[in-house]
Amino acid sequence: MRASAPGNDGFRQITTSHKQMQSFLEIKLKSIQQNTQTIVGLCREHGIRVLGVTKGFSGDPRIVDAMVAGGVDGLADSRLENVARLRGNDCKHEITLLRIPRLSDVKYVVGLVDYSLNSELDVIRALSCEAYKYNIKHNIIIMIDVGDRREGILPEDVVDTVRYVSSLKGVHIAGIGTNMGCFGGILPTMNNLRLLLEIKSSIESECGIEVEIVSGGGTSSLELVSAGTMPSGINQLRVGEGILLGTDTTRQTVIPQLAQDAFILYSEIVELKEKPSMPYGEAGFDAFGNVPRFTDMGVRKRAIVSLGKQDVNPDGLIPLDERTTILGASSDHMVIDVTDSPTPYRVGDMIAFRLNYQGLLFLSNSMYVTKKYI
Ligand SMILES: *Cc1c(COP(=O)(O)O)cnc(C)c1O
């Protein structure tokens, strides 16, 4: 046995308190609550109810509480595991399942959520059978593809589909919805949202049913609400990114009325040196099998922070110090150019980052990054 080896107590310390020093995610619950209030307030003026989308942080109950305190009309998540966690924490709010359900999951869908988004007849039929067994009606939102080409029934098929679905005994057609800005990168506009409203009218006149909910997308639809161009009749939005990060990725913008500081990641500098910007030697592949490309910028001052691709993809981070640039990362080391920053960084200092949606999704699932709520 090595004389200098830490005993069990030392090891326990590393796994608990020491971990908090290395990299931690600071979560400002107040900012999440304020962003929720701002969005809910804006939407309410236009007759739109807001579902708080919890998938960005795996249904973490403290963040859910902040959304609820901010006034969301319901919750929505894409993962049944997250919904189960919410229900396990005694969450009594209405929950919508965002991801179109798997045929093999209908039992859990009916048991765990109040609404689910659907686009496939086989699945809807199975949901109906399952709900019918318990003598209940499961609420479905029929998804319509107005152009993004991810999930949804094509507009010309909607009336036939709805006519058939409305004859099923275990489901209630609570509304229709669409999703944009996800797969095809198509933005919500007055045109494609008006199409959704026209479809609502055809359903009502041709199938003789009332369509209560018209769900017009997520954060990317907020822009139309602020601009006053949201067609009236859209009465639900499912908002995650705007509430959590105060940004709109589909437009690559910061939403000015919202706070962007709800999630800040801190990581410790473990090396700080001036080095040539060009690697030297015979070139092969990097740790992930890519051929890295570099521009010769001469000698630069570079910080390594103790953060890597095991924690987050560097594309998910935005340094708070705008004069610094992330150069890249391997599994455990991230290299940052700090040459142009006026901050006198030293080894042991913390570097702070904002997150984008991708970064948030990664970090909320990272077992290496401790979360601190303030
Ligand atoms: C994730 C998701 C949302 C929320 O999107 P944000 O851009 O985070 O507001 C809305 N609808 C569906 C179907 C989703 O999967």
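Compute the Cα gyration tensor for the range 51-184, then decide on rounded, prolate or oblate, letting a ≥ b ≥ c be the square roots of its eigenvalues: rounded whenever a/c is under 1.5, prolate when a/b is larger than b/c in the other cases, and oblate in all that remain.
Oblate shape, in that a/c is at least 1.5 and b/c is the bigger or equal ratio.
Which pairs, out of 301/371; 28/92; 55/301, put more than 28 Å between their alpha-carbon atoms?
Working: 301/371 30 Å; 28/92 24 Å; 55/301 38 Å.
Table pairs above 28 Å Cα-Cα are 301/371; 55/301.
Round to a whole number: what % of the accessible area of the chain belongs to carbon and sulfur, probe 1.4 Å?
Numbers: 9560 of 18730 Å².
It is 51 percent, rounded to a whole number.
If the chain between residue 315 and residue 275 were fully stretched, how many nm would it gain, using 0.36 nm times the residue separation less the Cα-Cα distance?
Length difference between fully extended and current span is 12.1 nm.
Which loop trypsin sites (Lys or Arg not before Pro) in the range 298-370, with loop taken from DSSP, have no more than 16 other Cβ atoms within 10 angstrom of their Cβ?
Listed in order of number, the matching sites are 323, 346.
Given R₀ = 41 Å, FRET efficiency for residue 261-residue 157 by Cβ-Cβ distance, to 0.05?
After rounding to 0.05, the efficiency reads 0.35.
Using the beta-carbon distance between residue 104 and residue 358 and R0 = 41 Å, what value does 1/(1 + (r/R0)^6) give for FRET efficiency, to the nearest 0.05?
E(calc), rounded to 0.05, equals 0.90.
Can you sort 374, 176 by 1.4 Å-probe accessible area, starting with the largest?
If we order 374, 176 from most to least accessible, we get 374, 176.
Which sequence of 367, 230, 190, 67 reflects their accessible areas, 1.4 Å probe, from the largest down? Don't skip to the end; give the middle numbers.
Details: 367 135, 230 20, 190 70, 67 0 Å².
In descending accessible area the options line up as 367, 190, 230, 67.
Return the loop-located chymotrypsin sites (Phe, Trp or Tyr not before Pro) in the range 114-173 (DSSP other than H, G, I, E, B) with at most 15 other Cβ atoms within 10 Å of their own Cβ; answer none if there are none.
Listed in order of number, the matching sites are 134.
Would you mind classifying the range 17-103 by shape? Square roots of the alpha carbon gyration tensor eigenvalues, ordered a ≥ b ≥ c; an a/c under 1.5 is rounded, otherwise it is prolate if a/b is larger than b/c and oblate if not.
Working: a/c = 2.23, a/b = 1.21, b/c = 1.85.
Oblate.
Taking residue 200 as the anchor, which lysines have their alpha carbon closer than 25 Å to its alpha carbon, excluding any fewer than eight residues away along the same chain?
Leaving aside lysines fewer than 8 places away in the same chain, those within reach of residue 200 are 137, 169.
Amide H of residue 328 versus every other amide H placed in the peptide plane: which residues, excluding those fewer than 5 positions away on the same chain, fall under 5 Å?
335
Calculated FRET efficiency, residue 296 and residue 350, Cβ-Cβ r, R0 35 Å, to nearest 0.05?
0.70
Kindly report, to the nearest 10 Å², the accessible surface of residue 340 as traced by a 1.4 Å probe over protein heavy atoms only.
Surface open to solvent at residue 340 totals about 80 Å².
Suppose all protein chains stay in the model; what accessible area per residue would a 1.4 Å probe give for the chain, in Å²?
50 Å²
Once you put a point 7 Å from the Cα of residue 235 and another 7 Å from the Cα of residue 73, both along the Cβ direction, what distance in nm separates them?
0.7 nm
The values are calculated or read from the model by the stated rules, or taken from the named source; none is laboratory data. Note that the coordinates shown come from a computational prediction; the quantities given were computed from them, not determined experimentally. Cβ coordinates were reconstructed from backbone atoms using ideal geometry, including for glycine residues, and neighbour counts include every protein chain displayed. Calculation scope for accessible area: heavy atoms of the full protein, side chains included, ligands and nucleic acids excluded. Shrake-Rupley method; radii C 1.70, N 1.55, O 1.52, S 1.80 Å.
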